[in-house]
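See structure below.
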Amino acid sequence: MVDSREYQFYFVGTPIGNFAEMTYRAVDILKSVDEIWCEDTRHSLPLLKFYDIAKPLQSFHKFSDDGKVELCLQKLSEGKRIAYISDAGMPCISDPGNRLSQMLIENGIEFTVVSGACACINALLLSGLSTDNFYFVGFLKDKNKLRLEQLERVRDLMTTLVFYSSVHDINSDLAFLAEHLGGARKCAVCKEISKMHETVLRGTLADVRVIEPRGEYVVIVEGAAEVACDPEVELKRLLDSGVDGKEAVKQVAKLCNLQKNVVYQLYIKRG
């Protein structure tokens, strides 16, 4: 069934490589709206020309000021229907389109998403690592302190991690991840996804490096190994080191992923 409901604003997924992966609905929507907003109009033009889509274009990228957001809001208030596309894949995923979605919600404007490819999902499948659970980290921060804080939040997660990396940063990012997550972790580095020269490098963070980097990359890293935690042993260790009972119970509950009352009963048994 084709949904004929009209929205004022559409976030439209576009191919991450192969132009033929554009959906019928995406093409229809882009041909029907009044304007198309793009992360980079120059980047989007070849795709739009490929599908014979000729609409007024507006750029909206991470350096766009609030005036551009206000311009979008003004056009919507005039009744115009707008679609937003990123350089490739799903808008708003590590993409400035997220600012537009927040603006729409704040102003009570209904919008929808037209499904399309997402490099994160394709790379997960290509990696061969666990897809049961994953944590999307995105691009590492520019400043070292912020990068360390990013990894501190995910280092101990026992779930697959997904990073994006640029052509200029891929090898330094891999080295940074090896240093702070552990070089023995399995990983997969994916580029040119869905294109003729699609490449997946599989190995460990310590040994995988990209020769002659080109394009954008997705780095998939296996989660932290499960560490056996004996609450009685950990409780004794903390109490023997001088930690008071209440704090020891709190720390062991967090460390062993147990309810505090369970650990407290072990503490009471110790007398």
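Brief remarks on what is shown
- The conditions of being charged (D, E, K, R), within 20 Å of residue 93 (Cβ to Cβ) and in contact (Cβ under 8 Å) with a residue 24 or more places away in the chain are not met by residue 142.
- Residues that are among the aliphatic types (A, V, I, L, M), over 12 Å from residue 87 (Cβ atoms) and open to solvent by 50 Å² or more (accessible area, probe 1.4 Å), drawn from the stretch 29-57: 54, 57
- Any hit, the stretch 58-69, residues being under 12 Å from residue 14 (Cβ atoms) and open to solvent by 30 Å² or more (accessible area, probe 1.4 Å): no
- Residues that are of a type in the set (Ser, Thr, Tyr) and over 18 Å from the mean Cα position of the chain (by Cα) were ranked within the stretch 80-112; the one that is surrounded by the most Cβ atoms within 10 Å (Cβ to Cβ) is 84.
- With respect to the conditions (1) of a type outside the set (Lys, Arg); (2) modelled with pLDDT under 95; (3) touching a helix residue (DSSP H, G or I) at 6+ places or on another chain (Cβ under 9 Å), residue 4 lacks only one, and its number is (3).
- Test: residue 72 is part of a helix (DSSP H, G or I), in contact with a strand residue (DSSP E or B) (Cβ under 7 Å, 6 or more places away or on another chain) and not hydroxyl-bearing (Ser, Thr, Tyr): yes
- Test result for residue 179, under 30 Å from residue 252 (Cβ atoms) and either touching a Pro at 6+ places or on another chain (Cβ under 9 Å) or buried (at least 20 other Cβ atoms within 10 Å of the Cβ) (or both): no
- Count of the stretch 256-271 residues which are touching an Asp or Glu at 6+ places or on another chain (Cβ under 9 Å) and outside any helix (DSSP H, G or I): 2
- Filtered by the rule that a residue be assigned to a helix (DSSP H, G or I) and either of a type in the set (Gly, Ala, Ser) or open to solvent by less than 70 Å² (accessible area, probe 1.4 Å) (or both), the stretch 133-150 gives 147, 148, 150.
- Of the numbered criteria (1) within 26 Å of residue 5 (Cβ to Cβ); (2) in a loop (DSSP other than H, G, I, E, B), the one residue 130 fails is (1).
- Each residue in the stretch 113-127 was checked for being open to solvent by 70 Å² or more (accessible area, probe 1.4 Å) and assigned to a loop (DSSP other than H, G, I, E, B), and 1 of them qualify.
- A search for C-beta distances below 9 Å between a residue of the stretch 32-61 that is on the phi > 0 side of the Ramachandran plot and touching a residue at least 40 places away in the same chain (Cβ under 8 Å) and any residue that is assigned to a strand (DSSP E or B) and buried (at least 20 other Cβ atoms within 10 Å of the Cβ), counting only pairs 6+ apart in sequence or on different chains, returns nothing.
- Selected residue [within 24 Å of residue 156 (Cβ to Cβ) and either touching a Cys at 6+ places or on another chain (Cβ under 6 Å) or part of a loop (DSSP other than H, G, I, E, B) (or both)] from 224, 248, 253: 224
- Of all residues making up the stretch 222-249, the number that are buried (at least 16 other Cβ atoms within 10 Å of the Cβ), free of Cβ contacts under 8 Å to residues at least 24 places away in the same chain and either under 30 Å from residue 123 (Cα atoms) or of a type in the set (D, E, K, R) (or both): 1
- Only residues that are acidic (Asp, Glu), more than 23 Å from residue 128 (Cβ to Cβ) and surrounded by fewer than 14 Cβ atoms within 10 Å (Cβ to Cβ) were counted across the stretch 151-176, and they come to 1.
The values are calculated or read from the model by the stated rules, or taken from the named source; none is laboratory data. Keep in mind that what you see is a predicted model, and the values were worked out from it rather than measured. Neighbour counts run over all protein chains shown; Cβ positions are idealised from the backbone, glycine included. These area figures cover heavy atoms from the full protein model, side chains too; ligands, DNA and RNA do not enter into them. Shrake-Rupley method; radii C 1.70, N 1.55, O 1.52, S 1.80 Å.
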